[in-house]
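Worksheet: one structure, shown below.
None of the figures in this text is laboratory data; all of them are computed from the coordinates on show. What you see is a predicted model, and the numbers here were worked out from it, not measured in a lab. Here the Cβ positions follow ideal geometry from the backbone for every residue, glycine too, while neighbour counts run over all protein chains shown.
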Amino acid sequence: MRIRTTTELAKLVHIEKSLLVPGESADSFFEEWAACLFVARHRQFLLFTEALTLFSIVAPADKLTDSMSLTKLFVNSVSKAMLDLVEGGGPDEVRIEGIEFTKTKNDGLRRAQIDMAYHASAKIEEGKNSFEINRIPIKSIGYRFPVDRFITEVGLKLKATGELWSFVPEML
């Protein structure tokens, strides 16, 4: 699994440029995420965006100190979002191993994430749930909602494996 970080985020969590793995874009669901920082209500937040579906998760960045705290925040945020989306719940504990941190590319994912960060900031400023950013149609995915695209991909993985959590790479 690969998390593409912005330079600003890499500096915050003390990941040296030399440690960022150059990586090609992943073409499969859940294998590549982008992470960036944004500010709303005088606080820093992280935006995690899944590359294929553009499904995004917002999390407070208050306690980020190193790459391990970033990894932990990512796992907790994704786990909570998936539990909220999936009926019947999931495992009590989720572990993740083998995350590679890579440089961002100036591509459609990064442009979409900048838009998502803007909308998330506006939702937070308005006191609304930032999850609503996943209900904004996005041109690059055919004017579909990211949450619908994410649920479709989860459904395809469920059909293929028969179990929701088995498709999450190197988890459990």
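Of the residues Asp66, Asp84, Asp148, the one that moves most in a GNM of the chain with alpha-carbon contacts below 10 Å is Asp84. Each peptide in 9-15, 121-127 was scored by the mean count of other Cβ atoms within 10 Å over its residues; highest first, the order is 9-15, 121-127. Per-residue extension of 0.36 nm, minus the Cα-Cα distance of Glu24 and Ile114, leaves a gain of 30.4 nm for this segment. Our compactness index for the range 1-92, the C-alpha radius of gyration over the empirical 2.2 N^0.38 Å, is 1.11. Quick note on the range 2-167: its Rg to Rh ratio, both from C-alpha atoms and Rh being the Kirkwood radius, is 0.94. Do the alpha carbons of any pairs in Lys17/Lys72; Lys123/Lys159; Lys11/Lys72 sit beyond 29 Å of each other, and which pairs? Result: Lys123/Lys159 exceed 29 Å. Taking the helices alone, the chain has a mean residue ellipticity at 222 nm of -11000 deg cm²/dmol, built from -39,500 (n - 2.57) per DSSP H run of at least 4 residues and averaged over all its residues.
Over every Cα atom in the range 109-149, the radius of gyration and the widest Cα-Cα span, Dmax, amount to 10.1, 29 Å.
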